[in-house]
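In what follows, a single structure is set out as structure tokens and then discussed.
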Amino acid sequence: MDFRKNQIYTVTIEDIGTEGEGIGKIEGFSLFVKDALPGDVAKVRLTKVKKNYAYARLEEVVEPSPDRVKPPCPVSRQCGGCQIQALAYEKQLAFKQSKVENNLIRIGGFEPEKIRRIMEPAIGMEHPWRYRNKAQYPFGRSKEGKTVTGFYAGRTHSIVANTDCLLGAPENKKVLEILLRHMEQYDVPAYDEGNGQGLVRHVLIRKGFFTGELMVCIVLNTGGGAADAKMERVKKEEDTSKTDEGYHTCHEEDAVAGTCQEKITWCGQRKKWIPEQDKLVDRLAMLPGMTSISVNLNPERTNVILGKETHTVWGRGKIRDKMHLLQTDGDGFMKTDKSVIYEISPASFYQVNPVQAEKLYSTALAYAELTGKETVWDLYCGIGTISLFLSFAAKQVCGVEAVSEAVEDARENARKNGIGNVRFFEGKAEEVLPEFYRAGEEPDMLCPDVIVVDPPRKGCDETCLQTILKMRPERIVYVSCDSATLARDLKILCGGGYELRRGRICDQFCQSVHVETVCLLSKRWRCC
């Protein structure tokens, strides 16, 4: 057959790809169809034709799959953030389990029988909605010139207007509506990626699910034409510090401890970054749970959301949240009396799904098989989320993290939780670990019983993996957000004398194709 762009075909979808796209075939020619599901009979239009396959757009579902459900989000197809929202949730878990297993077999080189034997049941959510404690919304203008916010459509920087993402906290909608109303009322320009002008780029919203505390960080462009002129005019206004009308400046320690009975307000003077900033801040501060309002300055023409400079304009610079250590019996989880309170700043890495993060970290701790006598290294430790969980059952824990602000947060989290058996080192894991190993100053630290790694999507650096093999821990617990790089790294570790013993996926990102996996490796032989 002569396949060409814009041709329309009716095809039965037989499989699902790693990015959630449906896969069908016409006379052996594969079609990859976004938004189509296995079991659909669909009318599709070819959008890009290659030699042996083509991409197609879903035009019409002629006969729906028995696993298809109606997406509750009205813009799910345009947005693309929830790639598999139309798939029944139990089938989402089956897809993710299969995706991880296939990567371990295909990329990692593990035997299929072994993988299916060691992989444990997926950890799903009872209510897989409203689980995200962090959201980053871009601002821009619609074709009609109206200020909008929402999410970028898949593989584009075109904003799909949406103030109420069903994965985020309900409070996000109120924050966004206040910002949009303020920008319209006082002619505050949204950032334009095309010419680098405009003032408001993004807003970052965080919520402590346990504490109810809210954080709003407004990301501003400080290097864009009309925006600069408007900001210069604003900066010339006299800085003020409001001390009446029910406001006061509370001491940070009182605020963090929760002993301050007054209404929280900004510390020190407010610097003006936004036209009529006081009015905007006052409206945001009225929202229940509001704890921190800040501005972040990012003049760079880049896709990086946060700039290097953040200023707190109301409340505290951080919010708090709590995670509980859970006891697992293999299938279910029960809360224990152990918990950790974390302080979170705008730039902190903190798992976006705290309900599932408790299960993920508790699983990692169970896999570590600690008795209280072990030395543990936690690499890529962030603000110490896993490290502090490990401290409950280890003799000592050493965390390594490259982001200096995160290291400071980790040390402060340990101090405020009264945890004294944890140390944090600043630097890249692939640099700190080899240097520590070469120095050889603390022998007990050079022979850890357990090493835990929780790297970014790109996986572990090869230097880091080789140093882990030299240190020869009894067990390695690998927490991964990308099963392809997980499989690649496990292949190296198992080639260096370790055996893959256990594995389990945890659905941190319901409705999307992404998934977290935790694996346990143990030494296959002892080194002299």
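The values are calculated or read from the model by the stated rules, or taken from the named source; none is laboratory data. Note that the structure is a prediction, hence the values are computed from the model and not measured. FYI the Cβ positions are ideal-geometry reconstructions off the backbone, even for glycines, and counts take in every protein chain you see. Ligands, DNA and RNA are stripped out before the accessible areas are found, and what is left, the full protein with its side chains, is counted by its heavy atoms. Shrake-Rupley method; radii C 1.70, N 1.55, O 1.52, S 1.80 Å.
Among the residues of region 347-368, those that are open to solvent by 10 Å² or more (accessible area, probe 1.4 Å) and either among the small types (G, A, S) or without any contact (Cβ under 8 Å) to a residue 40 or more places away in the chain (or both) comprise A347, E358, A366. Modelled with pLDDT under 50, open to solvent by less than 80 Å² (accessible area, probe 1.4 Å) and among the polar types (S, T, N, Q), is that true of T265? Judged against the criteria, T265 is a match.
Can you name every residue in region 180-197 that is modelled with pLDDT under 95 and either within 29 Å of the chain's Cα centre (by Cα) or open to solvent by less than 70 Å² (accessible area, probe 1.4 Å) (or both)?
Hits for region 180-197 are D192, E193, G194, G196, Q197.
Restricting attention to region 512-526 and to residues that are of a type outside the set (A, V, I, L, M, F, W, C) and touching a helix residue (DSSP H, G or I) at 6+ places or on another chain (Cβ under 7 Å), the residue that is farthest from L370 (Cα to Cα) turns out to be E516. Hey, any hits in region 130-150 for a residue that's closer than 22 Å to C506 by Cβ, open to solvent by less than 20 Å² (accessible area, probe 1.4 Å) and not aliphatic (A, V, I, L, M)? The answer is yes; a qualifying residue exists.
Of the residues that make up region 37-58, is at least one open to solvent by less than 80 Å² (accessible area, probe 1.4 Å), in contact (Cβ under 8 Å) with a residue 12 or more places away in the chain, assigned to a loop (DSSP other than H, G, I, E, B) and out of contact with any helix residue (DSSP H, G or I) (no Cβ under 9 Å at 6 or more places or on another chain)? Yes, there is a match, as at least one residue in region 37-58 is open to solvent by less than 80 Å² (accessible area, probe 1.4 Å), in contact (Cβ under 8 Å) with a residue 12 or more places away in the chain, assigned to a loop (DSSP other than H, G, I, E, B) and out of contact with any helix residue (DSSP H, G or I) (no Cβ under 9 Å at 6 or more places or on another chain).
Taking first residues from region 456-470 that are farther than 16 Å from A402 by Cβ and partners that are surrounded by fewer than 17 Cβ atoms within 10 Å (Cβ to Cβ), the Cβ contacts under 6 Å between residues at least 6 apart in sequence or on separate chains come to L469/G496.
Taking region 410-429 as the range and being surrounded by fewer than 24 Cβ atoms within 10 Å (Cβ to Cβ), small (G, A, S) and either under 20 Å from V479 (Cβ atoms) or touching a residue at least 24 places away in the same chain (Cβ under 8 Å) (or both) as the test, the residues that pass are A414, G427. Please verify whether D378 is touching an Asp or Glu at 6+ places or on another chain (Cβ under 8 Å), in a strand (DSSP E or B) and touching a residue at least 60 places away in the same chain (Cβ under 8 Å), treating the condition exactly as stated. It is true that D378 is touching an Asp or Glu at 6+ places or on another chain (Cβ under 8 Å), in a strand (DSSP E or B) and touching a residue at least 60 places away in the same chain (Cβ under 8 Å). If you go through region 479-521 and pick out every residue that is buried (at least 18 other Cβ atoms within 10 Å of the Cβ) and assigned to a strand (DSSP E or B), you end up with 14. Listed conditions (1) touching a residue at least 60 places away in the same chain (Cβ under 8 Å); (2) open to solvent by 10 Å² or more (accessible area, probe 1.4 Å) are all met by M215, apart from (2). Within the set V407, V432, V397, the sole residue that is modelled with pLDDT under 95, open to solvent by less than 10 Å² (accessible area, probe 1.4 Å) and either of a type in the set (A, V, I, L, M) or assigned to a strand (DSSP E or B) (or both) turns out to be V407.
Of the residues that sit in region 1-24 and are charged (D, E, K, R) and part of a strand (DSSP E or B), which one is most open to solvent (accessible area, probe 1.4 Å)? Taking the candidates together, the pick is E14.
Test V61 against the stated conditions and say whether it is out of contact with any Phe, Trp or Tyr (no Cβ under 6 Å at 6 or more places or on another chain), over 30 Å from L520 (Cβ atoms) and either open to solvent by less than 20 Å² (accessible area, probe 1.4 Å) or of a type outside the set (G, A, S) (or both). Here the answer is yes, as V61 does meet what is asked. The residues listed here are I107, I115; of these, the one that is of a type in the set (A, V, I, L, M), in contact with a helix residue (DSSP H, G or I) (Cβ under 8 Å, 6 or more places away or on another chain) and open to solvent by 40 Å² or more (accessible area, probe 1.4 Å) is I107.
Applying the condition of being of a type in the set (D, E, K, R) and touching a residue at least 60 places away in the same chain (Cβ under 8 Å) to region 61-108 and asking which residue is farthest from I123 (Cα to Cα) yields R106.
Okay, residues lined up against (1) closer than 17 Å to Q277 by Cβ; (2) at pLDDT 95 or above; (3) among the hydrophobic types (A, V, I, L, M, F, W, C); (4) in a loop (DSSP other than H, G, I, E, B):
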{"position": "R201", "(1), (2), (3), (4)": "yes, yes, no, no"}
{"position": "G212", "(1), (2), (3), (4)": "no, yes, no, yes"}
{"position": "G223", "(1), (2), (3), (4)": "no, no, no, yes"}
{"position": "E232", "(1), (2), (3), (4)": "yes, no, no, no"}
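Which condition number in (1) out of contact with any Lys or Arg (no Cβ under 9 Å at 6 or more places or on another chain); (2) on the phi > 0 side of the Ramachandran plot; (3) open to solvent by 20 Å² or more (accessible area, probe 1.4 Å) is the one that G372 fails? Tallying (1) out of contact with any Lys or Arg (no Cβ under 9 Å at 6 or more places or on another chain); (2) on the phi > 0 side of the Ramachandran plot; (3) open to solvent by 20 Å² or more (accessible area, probe 1.4 Å), G372 fails exactly one: (1).
Within region 133-161, being within 25 Å of S348 (Cα to Cα) and either in a loop (DSSP other than H, G, I, E, B) or polar (S, T, N, Q) (or both) holds for N133, Q136, T149, H157. Of the residues making up region 470-481, those that are at pLDDT 95 or above and more than 17 Å from S387 (Cβ to Cβ) number 3. With respect to the conditions (1) under 25 Å from the mean Cα position of the chain (by Cα); (2) assigned to a loop (DSSP other than H, G, I, E, B); (3) modelled with pLDDT under 95, E441 falls short on a single one, namely (1). For region 95-132, a residue qualifies if it is touching a Phe, Trp or Tyr at 6+ places or on another chain (Cβ under 6 Å) and not in a loop (DSSP other than H, G, I, E, B), and exactly one does: L104. The numbered conditions (1) surrounded by 16 or more Cβ atoms within 10 Å (Cβ to Cβ); (2) touching a strand residue (DSSP E or B) at 6+ places or on another chain (Cβ under 9 Å); (3) farther than 28 Å from Q83 by Cα are all true for I159 except (3).
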